[in-house]
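Asks: Quick one: this structure, given as structure tokens, is what I'll be asking you about.
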Amino acid sequence: MSKLSLYEQNSAVEIVTGVCPHDCPDTCSWQVAVERASGRAIDIWGHADHPVTQGRLCGKVDRYLERTYHRDRLQTPLRRVGAKGSGRFAPVSWESALEEIAQQLARVVANFGAEAVLPYSYAGTMGFLQGEGMAARFFNRLGASKLARTICSEAGFEGYLYTIGATEGTDTEAFAQARLILIWGSNTLTSNLHLWPFVMEARKQGARVIVIDPACTRTAQAADEWLPIRPGTDGALALAMMHVIVAEQLHDVDYIARYTLGFDRLAERLLEWPPERAAEITGVPAERIRQLARDYANTQPAAIRINYGLQRHRGGGMAVRTIACLPALVGAWRRIGGGIQLSTSGYFRHLDRSGLYRPDLAPAGHPAPRTINMNRLGDALSLDPARRAAAIYHPRPVDPIPDVSQSGPPVKALIVYNSNPAAVAPDQAAVLAGLRREDLFTVVLEHFQTDTADYADYVLPATTQIEHWDLLKPYGHTHLALNRPAIAALGKALPNSEIFRRLAAAMGFNESCFRESDEEILQTLVEAQRHERFAGITWQRLLQEGFVRLNLPQPNVPFAAGGFPTPSGRCEFYSARMANDGYDPLPTYHPPRWQELVELNDAGESTNALTSLQTGLQSLTQPLICISPPAHSFLNSTFVNVDRFRQREDQPLLHLHPQDAAQRSISDGDSVVVENEHGCVHLRAHVSEGIIAGTVLAPGVWWAKFSPDGRNINQVTSQDEADMGAGALFYDVLVQVRVLHNDCTATLFGAATTIG
Ligand SMILES: Nc1nc2c(c(=O)[nH]1)N[C@H]1C(S)=C(S)[C@@H](COP(=O)(O)OP(=O)(O)OC[C@H]3O[C@@H](n4cnc5c(=O)[nH]c(N)nc54)[C@H](O)[C@@H]3O)O[C@H]1N2
Ligand SMILES: Nc1nc2c(c(=O)[nH]1)N[C@H]1C(S)=C(S)[C@@H](COP(=O)(O)OP(=O)(O)OC[C@H]3O[C@@H](n4cnc5c(=O)[nH]c(N)nc54)[C@H](O)[C@@H]3O)O[C@H]1N2
Ligand code: SF4
Ligand SMILES: [Mo]
């Protein structure tokens, strides 16, 4: 019996439709059963009528009520009473918290200018309202520094735009029609579960599923084939595949002539990429590359699911730009079930959010505030102007590297919401050094006392998705969804929107937009849409149905007859825009950062990365590449504090290949030290052939405070940037791994003194 029919007839229970807020492509619509008498939510399940949710939530959100009613939910504002990081707080009233926060912000603005205030947020909720809705109004009105939200997808996103023009691609439902599916740099069964039923449907019809990944993930195990690859080298694989396709004349001459730009120049470039060359780089044998290219060109329809895993490398932007050329080369777009999907967010690109965010509120007569790259939070919080300048967003080669004179004021007030940077941001030691600054005033809006909240001056309790209104657009399908509150806020928790509304009042901002109610804001947003893609999407329908598909053709077969949203209207093998932005206009290979470090080391050149280790360690083995993709039961750092999920993930682990383990005398279950020039962390070794030799994998993202040494894997990640969009390099890291005999902090401090 379905959950709905279980409660439907029960007049003591109310059923409320909402949508999962998490940073996940699936954006599942859900229903919550609420006991009318107590007002308590008693059950939650996936909406049966939603064509992608199909009645199922993932294992994490199935337990959303456990998280909402968790014993540690923050229910009252807190003021710090201990040292920063100690986590010692005392309850205060909303009135006094907001009054002091407003005073502190006013003081910072008066003494250092509004740019000294930095908002820091990401996708704890993807809702328009509880995400940036009211917050953007507030920070625009204040004139605060802007934040470039680069931590997840920027490199790949930009790369995709150069080739395709917008992040539009193969419909999720259409994967069922594919006959060959490449899952490329994604762990679908963990991070995009609702694509899997369509993949299974395709397999029932005879489709082959190949997973291209350095790790034999649960998705790779469930697929027909695991194709292991060295991290950060996917661009070379794609170039060699195209080489074979063109050399063997398997390309779609007609599609290319009608709908693409620059084929001749591409073909010339591809001459440089025989499979043997790519084999050296990727570790995929040349013959396997040939076969993959032939299968890809000869099997129609062929669908590629690329996700963000493969672009967290220095060459991530170019890799995605290159892979995105494949479907046009073989004409895969022609048929339903062919093409490529990185994200579906581009289908929503005409959504007009200016009335929501109100950029027009910016203080008149001031120059536009600086934009900080969130991946460089450690640098941004530094008192050294040179490091602060480095944190200023400069996403393309043509954007000048900011000069020290442009660094702007030190960050004196930091307002964190929907994010846990002390755990998730790269170069954790630098981030924590910033958060520890006594002269930094930090406010954290949260559900829980996270690693970040421990460093706050004020922690403000926020509501969860079943306690507030919101509207969400997905990035793994095309249904806009409304979230209605199912229960009253717990304790004194407030929605982010209300916290910023009250803070605006405390600051004396008297614009009427700071008095609009949540429902009003959302209704106005829905009704403001004029683009034809939103035709038929009304507030009334959203209230009644919960989710509505964009006004797209059904079935939606993008680019079957061209119409790419690029400057030329074609799929751009050659991109003039790339040339203007300082890139090679043709697909090429940008090697990962780890490759560069290894080459410098082999050449005997000293690099910070390796010498700092050598000075501190007796026996140096080859460094290993370290990736840290999502743990199955966590969502970034969310859910780590829910006992059930933490127990499922056991403890912070490091997967390493038996060969790498043997070279370092590491046995399964040993405590190991993972370290590099940035920092170090203790993990438990899990020796396994499920990861390629030369690469280690640490499932993320643990809260540091739940880790044996109070640190997590972001100790070893760097603030360096990818080739495009100033994207993060989470999986482009070199580390040394050894059995834990002595604590690494001692060695590291020793090393640090020798390198100054
Ligand atoms: N359960 C769960 N679901 C999530 C998340 C979560 O934390 N947990 N996070 C959400 C978020 S924020 C995002 S952005 C998405 C993340 O989605 P993705 O970024 O797609 O993350 P994964 O699906 O884990 O895919 C990463 C995969 O890429 C592989 N990989 C790493 N480097 C390379 C490489 O160089 N080449 C190739 N080919 N593969 C590589 C990793 O081994 C891993 O299997 O998922 C969302 N969904
Ligand atoms: N090493 C390593 N690091 C990574 C990654 C990796 O793969 N490896 N993945 C990266 C990626 S892809 C991403 S997207 C980032 C994600 O980084 P974050 O966006 O910081 O994601 P979370 O860690 O889930 O933290 C979200 C926080 O928001 C809070 N929150 C949720 N809803 C609300 C709300 O309505 N109001 C308020 N005030 N708070 C709320 C949650 O309680 C949670 O603590 O991490 C990145 N970091
Ligand atoms: S986290 Fe993803 S799969 Fe799980 S319920 Fe939310 S949207 Fe669905
Ligand atoms: Mo992400």
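Just so it is clear, none of the values below were taken in a lab; they were calculated from the coordinates. Nothing here was measured: the structure is a model prediction, and the numbers come from that model. Reconstructed Cβ throughout: ideal geometry from the backbone, glycine too, with neighbour counts over all protein chains shown.
Asks: Where does each of S345, S96 land when they are ranked from fewest to most other beta-carbon atoms within 10 angstrom?
Replies: Lowest count first: S96, S345.
Asks: Taking the Cα centre of region 438-587 as the origin, how large is its charge dipole in debye, to the nearest 20, when only Lys and Arg (+1) and Asp and Glu (-1) carry charge on their Cβ atoms?
Replies: Around 840 debye, computed over region 438-587.
Asks: How would region 614-731 be classified by its alpha-carbon gyration tensor: rounded, prolate or oblate, with rounded meaning a/c under 1.5 and the a/b versus b/c comparison settling the rest?
Replies: Details: a/c = 1.58, a/b = 1.14, b/c = 1.38.
Because a/c hits 1.5 or more and a/b fails to exceed b/c, region 614-731 counts as oblate.
Asks: Work out from phi, with θ = phi - 60° and the Karplus expression 6.51 cos²θ - 1.76 cosθ + 1.60, the ³J(HN,Hα) of each residue of region 378-391, listed in order in whole Hz, and give x for Gly and Pro.
Replies: Taking θ as phi minus 60°, the curve returns x, 5, 4, 8, 6, 8, 7, x, 5, 5, 4, 4, 4, 7 Hz for region 378-391.
Asks: What FRET efficiency would be calculated for the residue pair I401, L600, taking the C-beta separation as r and a Förster radius of 22 Å, to the nearest 0.05?
Replies: With a Förster radius of 22 Å, E is 0.55.
Asks: Report the number of Lys pairs in the chain whose alpha-carbons are under 18 Å apart, with separation of 8 or more residues or on distinct chains.
Replies: Lysine pairs meeting both conditions in the chain amount to 4.
Asks: Sticking with this structure for a sec: In what sequence do S671, S86, S191 fall when counting other Cβ within 10 Å, fewest first?
Replies: Fewest to most other Cβ atoms nearby, the residues stand as S86, S671, S191.
Asks: Next question. Going by a ≥ b ≥ c, the root eigenvalues of the Cα gyration tensor, does region 365-442 fall in the rounded group (a/c under 1.5), the prolate group (a/b larger than b/c) or the oblate group?
Replies: Note, shape of region 365-442 comes out prolate.
Asks: Under 12 Å from the Cβ of I691, count the other residues' Cβ atoms, weight Lys and Arg +1, Asp and Glu -1, and hand me the total.
Replies: Combined, the nearby Lys, Arg, Asp and Glu give -2.
Asks: Additional query: Could you work out the relative contact order of region 1-135, using alpha carbon pairs under 8 angstrom and six or more residues apart, expressed as a whole percent? Please list the in-between numbers first.
Replies: Working: 156 pairs, mean separation 21.0, N = 135.
Value for region 1-135: 16 percent.
Asks: What list of ³J(HN,Hα) couplings, whole Hz, do you get for region 583-597 from phi and the Karplus terms 6.51, -1.76, 1.60, once you set θ to phi - 60° and write x for glycine and proline?
Replies: Residue by residue, region 583-597 yields 10, 4, x, 10, x, 8, 10, 9, x, x, 4, 4, 5, 4, 5 Hz.
Asks: Hey, if you put +1 on the Cβ of every Lys and Arg and -1 on every Asp and Glu Cβ in the chain, which of T27, G338, L182 ends up farthest toward the positive end of that dipole?
Replies: Farthest towards the positive pole: T27.
Asks: Right, next: Using a simple charge model, +1 on the beta-carbon of Lys and Arg, -1 on the beta-carbon of Asp and Glu, nothing else, what dipole does the chain show about its Cα centre, in debye to the nearest 20?
Replies: So the dipole magnitude of the chain works out to roughly 1020 debye.
Asks: Given charges of +1 on the Cβ of Lys and Arg and -1 on the Cβ of Asp and Glu, with all other atoms neutral, how large is the dipole of region 239-363 about its Cα centre, in debye to the nearest 20?
Replies: On the way: 16 positive and 12 negative charges, 95 e Å.
That gives a dipole near 460 debye.
Asks: Computed FRET efficiency, Cβ-Cβ of E268 and Q291, R0 25 Å: what is it to the nearest 0.05?
Replies: Efficiency, from the Cβ-Cβ distance: 0.50.
Asks: On to the next question. Amide H to amide H under 5 Å from T344: which residues, 5+ apart in sequence or cross-chain, H placed 1.01 Å off N in plane?
Replies: Those qualifying (amide H under 5 Å, at least 5 residues apart or on another chain) are G476, H477.
Asks: Can you tell which of H350, Y393, A362 lies farthest toward the positive end of the dipole of region 239-394, using +1 and -1 charges on the Cβ of basic and acidic side chains (Lys, Arg; Asp, Glu)?
Replies: Positive-end residue among those listed: A362.
Asks: Related question: Local charge sum around I666 (other residues, Cβ-Cβ under 11 Å, Lys/Arg +1, Asp/Glu -1)?
Replies: Residues near I666 contribute 0 overall.
Asks: Would you please classify the overall shape of the chain from the alpha carbon gyration tensor, given that a ≥ b ≥ c denote the square roots of the eigenvalues, rounded means a/c under 1.5, and beyond that prolate means a/b larger than b/c while oblate covers the rest?
Replies: Cα axes put the chain in the rounded bin.
Asks: Can you list residues from other chains, or at least 5 along the same chain, whose modelled amide H is less than 5 Å from the amide H of N483?
Replies: Those qualifying (amide H under 5 Å, at least 5 residues apart or on another chain) are D470, L471, L472.
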